[in-house]
1. Under the rule of -39500 (n - 2.57) per DSSP H run of 4 or more residues, summed and divided by the residues of the chain, what mean residue ellipticity at 222 nm is obtained, to the nearest 500 deg cm²/dmol?
2. I need the phi-derived Karplus couplings for the stretch 203-211: 6.51 cos²θ - 1.76 cosθ + 1.60, θ = phi - 60°, integer Hz, Gly and Pro marked x.
3. Within 10 Å, count the other beta carbons around each residue, average over each peptide in 180-187, 36-43, 324-331, 169-176, and list them highest first.
4. Quick one: compute the contact order of the chain, relative version, from alpha carbon pairs under 8 angstrom and 6+ residues apart, as a percent.
5. Check ASN134: other-chain or 5+ apart residues with amide H under 5 Å from its amide H, H built from backbone geometry?
6. Extending each Cα 7 Å along its Cβ direction at GLU329 and LYS281, get the distance between those two points in nm, one decimal.
7. What are the semi-axes of the equivalent ellipsoid of the stretch 175-230, taken as the square roots of 5 times the eigenvalues of the Cα gyration tensor, listed largest first and rounded to whole Å?
8. Using a 1.4 Å probe and ignoring any ligands, DNA or RNA, find the accessible area of ASP129 and quote it in Å² to the nearest 10.
Amino acid sequence: MDLSTTYLGMSLPHPMVAGASPLSDELDTARQLEDAGAAAIVLRSLFEEQIVREQMADMRYQDGNDESFAEATSYFPSPELFVLGPDEYVNHLRRVKEAVRIPVIASLNGCTPGGWLSYGKLMEQGGADALELNVYHAALDPEMSGAEIELETVVMVCELKRIMKISVAVKLSPFFTSFAHFALQLDREGADGLVLFNRFYEADIDVQELQVTRALHLSDSSELLLRLRGIAALAPRVKGSLAVTGGVHTAVDVVKSTMAGAHVTQIVSALLLNGPGYLRKVRRDLEVWMDENEWSSLPEMRGNMGVDKAPNPNAYERANYMMMLQSWEEA
Ligand SMILES: Cc1cc2nc3c(=O)[nH]c(=O)nc-3n(C[C@H](O)[C@H](O)[C@H](O)COP(=O)(O)O)c2cc1C
């Protein structure tokens, strides 16, 4: 049975990748992911704020100006919040690379162009097989237009492509006014892959304690649908690779993602819930499903439900919305 795929120029035996998360913070767990058959691993992110803080601390050291440093960094989360500092990150990457033979993808996470992106080069030197740039923009500044936010992302991608030899994928949020247009622009500017989509971690309100609170809830398969739509729209149109992240829990989720047009599926919540060994089950279930449904090749399945091939492509369009609203029946 052919489960093979290519992602960011890498040939992979199948499309199940361990997505960016704490899963590979420990070498043991990284090895367990490899043993369970992960096709590749994405490391947790190093954040723009961490790098900029460190770069400012270096400048303070050179200029001896403590006051302006304290003021400038007062809005950055304190370094203790982060599991890995910038230097530790590259060391950790090197150790993971030595511990496993599968491709290791490093992750940078930020939302503005700047010198901090040069860390991508350090990750490349640390042995990363590819880089994932996670652009998580809160987009709450009323002075900043959508076009400006998009332009900043394009500039970031161009900067990384200028300095790096390894492939660069961009992990995006679904909240762009014209998502497909923007994604195609990134593809044209040289992004080697797109990862759909960031989950948005909204703050909640504790009405008793009068606090704005946060809680990290893991996903379930219902979150996949937004990703399927995004991938189905892009698959026939982009040159680069496509990855799904968000809501991949079962073999059928992998099948759906592939049919929409994804080259790989990144899995996090299901592995945090069930342990790295769960990957073995997903792979076994995928083979059983394909056998029962008379598929022998995942590459042949890829994109057969994209907007250009699906028997009912308008299901991805406004027609779907209207039909949904009309379909409600009281039980
Ligand atoms: C505990 C935790 C930590 C995460 N850390 C990162 C991270 O550092 N960088 C990143 O790009 N995504 C991070 N993510 C997001 C995941 O990579 C993934 O996109 C998201 O969880 C959706 O996939 P899932 O439905 O399989 O969980 C994290 C998710 C979880 C649950």
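1. -12000 deg cm²/dmol
2. Per-residue couplings from phi come out as 7, 10, 10, 8, 6, 7, 7, 6, 10 Hz.
3. My ranking of the peptides, most packed first, is 36-43, 169-176, 180-187, 324-331.
4. That works out to 18 percent.
5. LEU108, ASN109, GLY110, LYS171
6. The two pseudo-label positions are separated by 3.4 nm.
7. Ellipsoid semi-axes (Å, largest first): 32, 14, 10.
8. Counting only protein heavy atoms, the figure is 50 Å².
The values are calculated or read from the model by the stated rules, or taken from the named source; none is laboratory data. Keep in mind that this is a model prediction, so the values were computed, not measured. Please note: Cβ atoms are built from the backbone with ideal geometry, for glycine as well, and neighbour counts cover all protein chains shown. SASA here: full protein model, heavy atoms, side chains in, ligands and nucleic acids out. Shrake-Rupley method; radii C 1.70, N 1.55, O 1.52, S 1.80 Å.
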